[in-house]
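Only one structure is covered here, and it is reproduced in the block below.
What follows is calculated from the coordinates using simple rules that are stated; it is not laboratory data. The structure presented is a predicted model; accordingly, all values stated were derived computationally and were not measured. In this analysis, Cβ positions are derived from the backbone assuming ideal geometry, glycine residues included, and neighbour counts consider all displayed protein chains.
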Amino acid sequence: MSTTDIQPGETAIARAWLALRALPQPTLADLFGADADRPATLTRRIGWPVEPGSTAQAGMLIDFSKTHLSDALLAAFETLTEAAGFGLACEALFDGGIINVTEGRAATHGALRGSGTPAQVEEAEALLTRMGMLVEAIHDGALDEVKHCIAIGIGGSALGPALAIDALTRDGAMVDVHVVSNIDGLALEQAFAACDPATTLIAIASKTFTTIETLTNANSALRWLADNGVEDPGGRVIALTASPENAVEWGVDETRVLPFTESVGGRYSLFSSIGFPVALAIGMEEFRAMLAGAKAVDDHFRETEGCANAPLLAAYADQYYTRLRGCQTRAVFAYDERLALLPSYLQQLEMESNGKSVTVTGAPVDGPTAAVTWGGVGTDAQHAVFQLLHQGTHLIPVDFLVSIGPGDQLDPAHHRILLMNCLAQGAALMAGKPSDDPARAYPGDRPSTTFLIDDCDAAALGALIAFHEHRTFANAVLMGINPFDQFGVELGKAIAKQIESGEGEFDASTRALLAAAGLG
Ligand code: F6P
């Protein structure tokens with residue numbers, strides 16, 4: 001960046017980045033050698049009541065001490081935070097400011113769990129109450145017997161519900177929900193095979209109610225009901241959308257539309273009516289517990305200054321690795337089967353939000369933006385991809401997530417081995433091990449952050465989701481980008497439409513492929 005490119009307000013930001021880039025980069029061994037209390041200094045805990053009104057707390061501990069964050073880096077990041085206007089950005093987030101500038105919208109997902117202006121919170125609560133009444137009416141048999149639900153949606157209208165249902169129904173569900181996203185008919189057929197049409201509800205989740213995959217799947221699901229003797233398939237449909245008029249035009253009765261607000265982004269919408277299939281599966285009480293966990297993190301994020309703020313601290317580590325160490329990816333390993341879908345949920349949240357090349361002013365960004373988020377489940381991943389983490393040439397910061405409480409009822413040895421392995425991996429990545437044989441040497445100095453949750457329940461899941469929403473937002477503010485739009489997904493959709501209409505002009509490679517696929 002040349003000085004002539006620097007706007008008055010940006011000077012302090014540019015200076016803060018220069019200061020960050022000039023700092024020495026001690027190893028993890030140096031950092032631990034210099035500060036024996038490092039884990040105490042760099043561990044944060046966020047808590048929430050174990051149940052509404054209880055003084056007993058559950059929570060999660062986040063240990064950042066195995067990252068390269070030093071006192072000097074933290075001080076320099078705090079300077080950047082101030083220069084980037086983080087305080088004002090946070091206020092705008094929770095006060096309904098127009099922070100999604102390219103679309104002229106606020107981002108009011110916080111209000112869904114009570115973190116917003118009184119008017120927004122009241123509106124969100126009214127919509128939630130309405131959703132809750134429908135959920136309870138269905139549980140009470142108001143729509144005859146409902147044993148199954150096929151929840152159709154894609155992206156933000158599917159990933160959150162799929163994660164929450166997979167995480168929270170391991171011991172059984174009030175309604176058996178199948179989330180179907182892909183246009184590949186195999187996905188829908190698989191759901192049909194697991195459901196009885198006479199007792200199946202179809203939930204169509206789409207913020208815009210224009211998404212071709214979702215509407216095509218919804219049409220096929222209605223046909224399946226009709227073909228299998230359901231007299232009024234339309235009566236078995238619930239629409240979850242921020243575009244109620246599109247849902248009604250498509251054919252959903254307006255009494256069966258559960259709306260949410262336009263200012264709730266798709267990938268931030270799990271706690272809106274998009275969460276209806278989750279509430280159907282786990283009940284409203286548990287759904288509200290998920291909201292309470294998210295609210296606890298909102299409160300922490302709003303009220304905690306500087307590097308005591310855990311999502312902000314996570315963003316410091318993210319910025320350090322992507323911008324100062326050139327890491328192109330960040331890996332997330334859930335040592336818990338219940339969180340198996342968390343890495344794919346986070347992929348959309350982080351990559352669709354912060355995978356950008358321009359700032360909020362439209363200027364090119366001055367460094368890399370979102371890392372590629374990837375990951376898997378421990379211990380499985382240890383036997384598949386950890387070789388590269390330990391000895392490969394990439395430096396990959398890793399997040400480990402693990403619950404102190406077990407999810408299974410088997411011999412406690414299972415959970416003990418799971419926990420031990422999770423903690424061992426972080427230790428091994430950091431410590432490394434020299435060897436005279438280069439093939440057997442571990443370089444070490446490889447960073448990780450460990451999330452230790454008391455129990456993997458609804459509140460913890462809500463907290464983890466809100467934590468990552470705020471981490472993503474904090475990263476965006478530090479980079480000066482808008483995390484709430486996603487124009488990058490539009491071009492491919494437009495070209496698919498051109499192919500369908502036969503009107504597009506395509507390159508030679510695409511023409512040949514279309515011909516070979518029988519579409520030319
Ligand atoms: O194409 C990307 C996207 O717009 C996501 O942002 C969104 O979550 C997904 O498609 C589904 O959109 P909708 O909820 O409007 O069907």
Provide the FRET efficiency to the nearest 0.05 for the residue 423-residue 98 pair, computing r from the beta carbons and using R0 = 60 Å. 0.85
Could you sort 461-471, 370-380 so that the peptide with the highest average Cβ count within 10 Å comes first and the rest follow in order? 461-471, 370-380
Relative to the chain, whose Cα atoms define the longest principal axis, helix 284-303 and its Cα axis are tilted in degrees, nearest 10, by 30 degrees
Cα→Cβ-extended label distance, 7 Å offset, between residue 357 and residue 380, nm: 3.5 nm
Quick one: Karplus J couplings for the range 72-79, per residue in order, coefficients 6.51, -1.76, 1.60, θ = phi - 60°, nearest Hz, x for Gly and Pro? 5, 5, 4, 5, 5, 5, 5, 5
With a cut-off of 8 Å between alpha carbons and a minimum separation of six or more residues, what is the relative contact order of the range 302-395 in percent? 32 percent
Quick one: helix 11-22 against the long Cα principal axis of the chain, what's the angle to the nearest 10°, folded into 0 to 90? 60 degrees
Pairs from 295/356; 147/295; 356/493; 147/207 whose Cα-Cα separation, in the structure shown, is over 23 Å: 295/356; 147/295; 147/207
Dipole in debye (nearest 20) - the chain, about Cα centre, beta carbon charges: Lys, Arg +1; Asp, Glu -1: 1320 debye
Between 0 and 90 degrees, rounded to the nearest ten: what's the tilt of helix 185-194 against the longest Cα principal axis of the chain? 70 degrees
Check which residues have an amide H placed less than 5 Å from residue 444's amide H, if you skip close sequence neighbours. 432, 433
Candidate lysines for bridging to residue 433, where Cα separation is under 30 Å - those fewer than 8 sequence places away on the same chain excluded: 66
For the charge dipole of the chain, defined by +1 on Lys and Arg C-beta atoms and -1 on Asp and Glu C-beta atoms about the Cα centroid, which residue among 409, 111, 491 has the Cα displaced farthest towards the positive pole? 491
Hz values of 3J(HN,Hα) by residue in the range 125-134 - Karplus curve (6.51, -1.76, 1.60), Gly and Pro given as x: 5, 5, 5, 5, 4, 4, 4, x, 5, 5
What ranking of 27, 472 emerges when the number of other C-beta atoms within 10 Å of each C-beta is taken as an exposure proxy, fewest first? 27, 472
What's the extension gain from residue 22 to residue 41 if we count 0.36 nm per residue and subtract their Cα-Cα distance? 4.5 nm
Please order 418, 429 by the number of other Cβ within 10 Å, starting at the fewest. 418, 429
Mean residue ellipticity at 222 nm from the helices of the chain, using -39,500 (n - 2.57) per DSSP H segment of n ≥ 4 over the full residue count, to the nearest 500 deg cm²/dmol? -13000 deg cm²/dmol
As a footprinting exposure proxy, order 202, 154 by other Cβ within 10 Å, with the fewest listed first. 154, 202
The size of the Cβ-based charge dipole (Lys, Arg +1; Asp, Glu -1) of the range 218-286 about the Cα centre, to the nearest 20 debye, is 220 debye
